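Data block below; observations after.
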Amino acid sequence: MIVRQLVVSPFESNCYLVGDERTRQAFVIDPGDEPDVILEALEVSHLQAKLILATHAHIDHVMAVAAVRAATGAPFMMHPADASLLAAMPLQARHFLGIELPPPPPVDAWLKEGETVAIDDIKLKVLLTPGHSSGSVSFYWAPLPGERGIVFSGDALFQGSIGRTDLGGNFPTLERSIRTQLYTLPDDTVVLSGHGDATTIGREKRTNPFVSEN
C-alpha cells in the first residue's frame, strides 16, 4: 500500500493519498485545500483518485473536495452527521479566513459506522469517532501478516493531543470515542492524524495528557 502525506491549507492540515501498489488507484483522504498540489502529487505518484473521503467537514479538511472531484471524477463520501457543518463551509471560510467560497460540493454517498470502503485490495473500516464534530470518523486499515495497522484519525487524536471541542464539539463524547474506538486498536497501530506527525496507539495510551490509558 502506498501512503503519501501532503500538508495543505493555512491550517497545515494533512491530506493523505492512499493507493494500491498494483492498480495505482487511490483514496484521497481530507483534501483540505490547494487542489493543484493534491492533483500534482497524484500525477507524480502515478496514482488515480477513485474515492474522496472526509474524516469530518471542517473547512481545512474539505475545501479542495470540489476541485479534486471535478478533476478526477472521484465520488465524495463523508458521514451524514456532518451534513450541516459541510453546508456551513462558506460561513466557516468567511469567519476563519475572510474569503468567499462557493456552496459545498454534493456528497455522492454517505459513510456508515462499521462499513468497509474498498479500492482493490485496500479496505478501510469506518470508525465513528465523534466529539470534535458530530460526524467525525476515522478510517482503519487492518494489518496484513508482519505489518502494522494504520488508522487515519482526522482531528480526533493527535500526537500528544486531541481535537478541539470548542467549535461545536463535546469533550466527553470525544474522550469516549478515543477510548472505545481508537484505544481498542492494537498498540502498534500507526496513527496518521489530521494535523502534525504520526504516532502510535500505544504511545498515546501511555503519554497523551488529555486521554490517558487509565
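The values are calculated or read from the model by the stated rules, or taken from the named source; none is laboratory data. All of these numbers come straight from a predicted model, not from anything done at the bench. Ligands, DNA and RNA are excluded from the accessible area calculation, which covers all protein heavy atoms including side chains. Shrake-Rupley method; radii C 1.70, N 1.55, O 1.52, S 1.80 Å.
Based on the convex hull around the alpha carbon atoms, the range 39-123 presents an average projected area of 6.2 nm².
Of the accessible area of the chain, computed with a 1.4 Å probe over protein heavy atoms only, carbon and sulfur atoms account for 52 percent. What the phi angles of the range 136-152 give under the Karplus curve with 6.51, -1.76 and 1.60, with θ = phi - 60°, is a coupling list of 5, 10, 10, 10, 10, 9, 6, x, 7, x, x, 10, 9, x, 9, 10, 8 Hz, glycine and proline written as x. Mean sequence separation of contacting Cα pairs (under 8 Å, at least six apart), scaled by the length of the chain, corresponds to a relative contact order of 14 percent. Taking amide hydrogens as placed 1.01 Å from N in the peptide plane, the amide H of Q25 sits under 5 Å from those of D20, Q48, each at least 5 positions away in sequence or on another chain.
For K50, a cut-off of 15 angstrom between C-alpha atoms picks up these aspartates and glutamates, skipping any fewer than 8 places away in its own chain: D20, E21, D30, D108, D120, D121. Ranked by solvent-accessible area (1.4 Å probe, protein heavy atoms only, all chains present), the residues K125, K205, K112 order from largest to smallest as K112, K125, K205. Of the options (1) 1.06; (2) 0.95; (3) 1.19, only one is Cα Rg over 2.2 N^0.38 Å as computed from these coordinates, and that is (2). For the range 107-161, the gyration tensor built on C-alpha atoms gives an oblate shape. Its axis ratio a/c (a ≥ b ≥ c) is at least 1.5, and a/b is not larger than b/c.
Across the range 85-202, the fraction of Cα-Cα pairs farther apart than 18 Å, rounded to a whole number, is 57%. Quick one: grab the alpha carbon gyration tensor of the range 135-214, order the square roots of its eigenvalues as a ≥ b ≥ c, and give me rounded if a/c is under 1.5, else prolate or oblate depending on whether a/b is larger than b/c. It is prolate, given that a/c is not under 1.5 and a/b is the larger ratio.
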